[in-house]
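Contents: one structure, followed by commentary.
Quick note: the coordinates plus some simple rules give every number you see, no bench work behind them. Being a predicted model, the structure only gives us computed values, none of them experimental. Note that each Cβ is placed from the backbone with ideal geometry, even for glycine, and that neighbours are counted across all protein chains shown.
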Amino acid sequence: MSVNKEELDKAVNAALNGLELRDVRFSQYRFNVKPAKITRSGGTVTVVGGEES
């Protein structure tokens with residue numbers, strides 16, 4: 001699968017900066033990107049993506 005660097009950059013920025021992004025394209029696939037939850041505890045960084053319940 002080929003990945004367009006510009007699309008990947010947009011997706012990562014959307015996840016890290018808290019803005020939902022729709023219709024990100026990788027090869028023939030399309031994705032919606034939601035903000036990731038990032039927590040820090042001591043020397044550990046945890047990144048959680050997906051739907052929260």
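What's the total number of residues in the stretch 1-16 that are surrounded by fewer than 13 Cβ atoms within 10 Å (Cβ to Cβ), within 13 Å of the chain's Cα centre (by Cα) and of a type in the set (D, E)?
1
Could you grab me the full set of residues in the stretch 4-28 that are in a strand (DSSP E or B) and of a type in the set (D, E)?
Our first condition is that a residue be in a strand (DSSP E or B); within the stretch 4-28, this holds for 21-26.
Matches in the stretch 4-28: D23 only.
Residues being loosely packed, with under 10 Cβ neighbours inside 10 Å, in a loop (DSSP other than H, G, I, E, B) and either in contact with a Lys or Arg (Cβ under 8 Å, 6 or more places away or on another chain) or on the phi > 0 side of the Ramachandran plot (or both): count how many of those fall in the stretch 29-50.
2
Which members of the stretch 17-28 meet the condition of being exposed (fewer than 13 other Cβ atoms within 10 Å of the Cβ), in contact (Cβ under 8 Å) with a residue 12 or more places away in the chain and of a type outside the set (D, E)? If you could, list the steps in order and put the result at the bottom.
Residues of the stretch 17-28 exposed (fewer than 13 other Cβ atoms within 10 Å of the Cβ): 17-20, 22-23, 27-28.
Checking which are in contact (Cβ under 8 Å) with a residue 12 or more places away in the chain leaves us with 17-20, 27.
N17, G18, L19, S27, listed by residue number.
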